[in-house]
Amino acid sequence: MSAAIQTLGDLRRSAFRPRTVKQEIRDNLICKLRTNEPLFPGIIGYDESVIPQLVNAILSRHNFILLGLRGQAKSRILRGLVDLLDERIAVVPGCEIHDDPMAPLCAACRTRIAEEGDAMPIAWLPREARFVEKLATPDVTIADMVGDIDPIKAAQGGLNLSDELTMHYGLLPRANRGIFAVNELPDLAGKIQVGLFNILQEGDVQIKGYPIRLKLDVLLVFTANPEDYTARGKIITPLKDRIGSEIRTHYPATRHNAMAITRQEAWTDRTGALEVDIPEYVREVVEEVAFQARAERKIDKRSGVSQRLPISTLELVVSNAERRALANNEAIVVPRVTDVYAALPSITGKFELEYEGELRGAEQVARDLIRSAAGSVFSARFDGVDTRTVVEWFDLGGTLPLSDTSSADDVIGETRSVQGLRELAEHAGVKGGAPAPFVASAIDFVLEGLYAQKKISRSDDRGYQAAEPAAPRRSRREEPTAEDSIPFPTGSKKKYYN
Ligand SMILES: [Zn+2]
């Protein structure tokens, strides 16, 4: 329909009538609800919690705020609102604030329409251009947000008629007839919040002492960390009052949902390179690291642990496996649980430590989390499975000098003499005739599981060996132990853990 509409006259004769952006989004949402279309594609785990509240806020034509910790898809939800806008809208060509040709705000457009009348051409603005996003920081100014005027020109031209002509528009007027998203609202200085409130409430704002009238039409949406938002004095009360809905986001409630998000977001399908096949238990361990981190008292709860932690961790896990496959000329990349330790660089930067955590150090906290995650995933899968034969092999002095760079053939070769290990690996889900990288990964999972359960031990220089006795804890390393004196044939002189 819109393609045939080229002038203001065409537009007037069409079915288009001015309507506010909130009404437009509401109307389009109602259409989607009627036809059962998915509302926020790619947003997982919010169907019963966040999305119903969002729908209500939009139906109520509210400005709203999403309150949540980092990495809870807040920005993504706000960007998803774009899909609720009309595909395109008619605007006065060249107008910086996207004036509606049938209801222009700015003086320039009103003058132009008066001169050209129905013959004035119109332009079409796609919906992607109607979303303006700003990260709030303490140094954001009124000029950034609302705009600036040249005081000399303003004084020369008189105040009312030409004020807009001397105005350099900020982000908010440029979002007119669209969505204006402010991330981390509490970081905005108080006087900018006052400016935002005035625009919302009265449609005018003072700039450098000059009153500017801007009856803007925007849907204002915000995000904030809940603690900052509720802290006294962080948000001016009248602005808070004008935010119709506060909606709380959350981390995935189940590992299943969390894995689905990570599967969707992580870059693991490395087209053009080797085939990547990630065992389910590796995905589970990666996800469990985030769950454990969120529950860990050494980690600061107020800043949270983003869903970006498992996402970038899984990417590094795949890369470490890719590196190993390339070094060993293997045709398929199958990550192992030990690869998660190689992903420390994506873990340590993604949480803030409490004092107790500072004492232990970020790297050690992360290692503890991985080990505990591996233990939890292993225990769930091997509940009631007898692992004693394997543990006994180590107790009798067996050692396995393996590392995360050991080839699949080496892992299988080195562990061939460990009775019962292959059966346990099959219990992890590898079939009898599976390619070597899958078998090696499953063996690694079993060994890491037993290590996490402290039934065997592992050190960087010796690989896997018998568990260290719980007591006595006196500098055992200095003294020669029984294991040291038993030579164990391993058939390989490789370097151990690196
Ligand atoms: Zn205009």
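Looking only at residues that are more than 6 Å from the ligand (Cβ to nearest atom) and part of a helix (DSSP H, G or I) in segment 92-110, which one is farthest from LEU11 (Cα to Cα)?
Residue satisfying both the conditions and the ranking: ALA107.
Give the number of residues within segment 73-91 that are more than 16 Å from the ligand (Cβ to nearest atom) and over 17 Å from GLY42 (Cβ atoms).
Looking only at that region, the number is 4.
Among the candidates GLY80, GLY71, single out the residue that is in contact (Cβ under 8 Å) with a residue 40 or more places away in the chain, of a type in the set (Gly, Ala, Ser) and under 17 Å from GLY178 (Cβ atoms).
Within the list GLY80, GLY71, the selection yields GLY80.
Being in contact (Cβ under 8 Å) with a residue 24 or more places away in the chain and over 30 Å from ASP228 (Cβ atoms): is that true of ILE152 here?
So ILE152 fails the test.
Out of all the residues in segment 401-423, which are closer than 17 Å to VAL334 by Cβ and either in contact with a Cys (Cβ under 8 Å, 6 or more places away or on another chain) or not in a helix (DSSP H, G or I) (or both)?
Of everything in segment 401-423, those that are closer than 17 Å to VAL334 by Cβ and either in contact with a Cys (Cβ under 8 Å, 6 or more places away or on another chain) or not in a helix (DSSP H, G or I) (or both) turn out to be LEU402, SER403, ASP404, THR405, SER406, SER407, THR415.
Select from segment 73-94 the residues that are farther than 30 Å from ARG308 by Cα, surrounded by fewer than 17 Cβ atoms within 10 Å (Cβ to Cβ) and touching a helix residue (DSSP H, G or I) at 6+ places or on another chain (Cβ under 8 Å) and list them in ascending order.
Across segment 73-94, the qualifying residues are GLU87, ARG88.
On the given criteria, is ARG70 surrounded by fewer than 20 Cβ atoms within 10 Å (Cβ to Cβ), assigned to a loop (DSSP other than H, G, I, E, B) and away from the ligand (no atom under 16 Å from the Cβ)?
Spelling it out, ARG70 is indeed surrounded by fewer than 20 Cβ atoms within 10 Å (Cβ to Cβ), assigned to a loop (DSSP other than H, G, I, E, B) and away from the ligand (no atom under 16 Å from the Cβ).
Modelled with pLDDT of 90 or more and within 32 Å of the chain's Cα centre (by Cα): is that true of ASP144 in this structure?
yes
Within segment 111-135, work out how many residues are surrounded by 14 or more Cβ atoms within 10 Å (Cβ to Cβ) and not in a helix (DSSP H, G or I).
Total satisfying the criteria: 9.
What number goes with the only condition from (1) on the phi < 0 side of the Ramachandran plot; (2) surrounded by fewer than 19 Cβ atoms within 10 Å (Cβ to Cβ) that VAL289 does not pass?
(2)
Is it true that GLU315 is at pLDDT 95 or above, touching a Phe, Trp or Tyr at 6+ places or on another chain (Cβ under 6 Å) and part of a helix (DSSP H, G or I)?
Yes: the conditions hold for GLU315.
Could you tell me whether segment 399-416 includes any residue that is within 37 Å of the chain's Cα centre (by Cα), modelled with pLDDT under 95, loosely packed, with under 15 Cβ neighbours inside 10 Å and more than 23 Å from ALA295 (Cα to Cα)?
No, segment 399-416 contains no residue that is within 37 Å of the chain's Cα centre (by Cα), modelled with pLDDT under 95, loosely packed, with under 15 Cβ neighbours inside 10 Å and more than 23 Å from ALA295 (Cα to Cα).
Got a sec? Which of ARG302, ARG360, ARG324 is of a type in the set (D, E, K, R), touching a residue at least 60 places away in the same chain (Cβ under 8 Å) and closer than 19 Å to ARG70 by Cα?
Selected residue: ARG302, the only one of ARG302, ARG360, ARG324 that is of a type in the set (D, E, K, R), touching a residue at least 60 places away in the same chain (Cβ under 8 Å) and closer than 19 Å to ARG70 by Cα.
Would you mind finding the one in PHE394, PHE382, PHE378 that is touching a helix residue (DSSP H, G or I) at 6+ places or on another chain (Cβ under 6 Å) and aromatic (Phe, Trp, Tyr)?
On the way: PHE394 fails: touching a helix residue (DSSP H, G or I) at 6+ places or on another chain (Cβ under 6 Å); PHE382 fails: touching a helix residue (DSSP H, G or I) at 6+ places or on another chain (Cβ under 6 Å).
Checking each option against the conditions leaves just PHE378.
Please tell me if PRO138 is at pLDDT below 95 and either within 12 Å of the ligand (Cβ to nearest atom) or touching a Ser or Thr at 6+ places or on another chain (Cβ under 9 Å) (or both).
no
Identify all residues within segment 433-463 that are without any contact (Cβ under 8 Å) to a residue 40 or more places away in the chain and out of contact with any Asp or Glu (no Cβ under 7 Å at 6 or more places or on another chain); write none if there are none.
GLY433, ALA434, VAL439, ILE443, LYS454, ARG458, SER459, ASP460, ASP461
Out of all the residues in segment 120-131, is one or more of a type outside the set (D, E, K, R), free of Cβ contacts under 8 Å to residues at least 40 places away in the same chain and within 10 Å of the ligand (Cβ to nearest atom)?
Scanning segment 120-131, I find no residue that is of a type outside the set (D, E, K, R), free of Cβ contacts under 8 Å to residues at least 40 places away in the same chain and within 10 Å of the ligand (Cβ to nearest atom), so the answer is no.
Quick test for you: out of GLY190, GLY158, GLY170, GLY178, pick the one residue that is surrounded by 18 or more Cβ atoms within 10 Å (Cβ to Cβ) and modelled with pLDDT under 95.
GLY170
I'm trying to understand the selection: among the residues of segment 25-50, which are assigned to a helix (DSSP H, G or I) and in contact (Cβ under 8 Å) with a residue 40 or more places away in the chain?
ILE25, ASN28, LEU29, LYS32, VAL50
The values are calculated or read from the model by the stated rules, or taken from the named source; none is laboratory data. Note that the structure is a prediction, hence the values are computed from the model and not measured. Please note: Cβ atoms are built from the backbone with ideal geometry, for glycine as well, and neighbour counts cover all protein chains shown.
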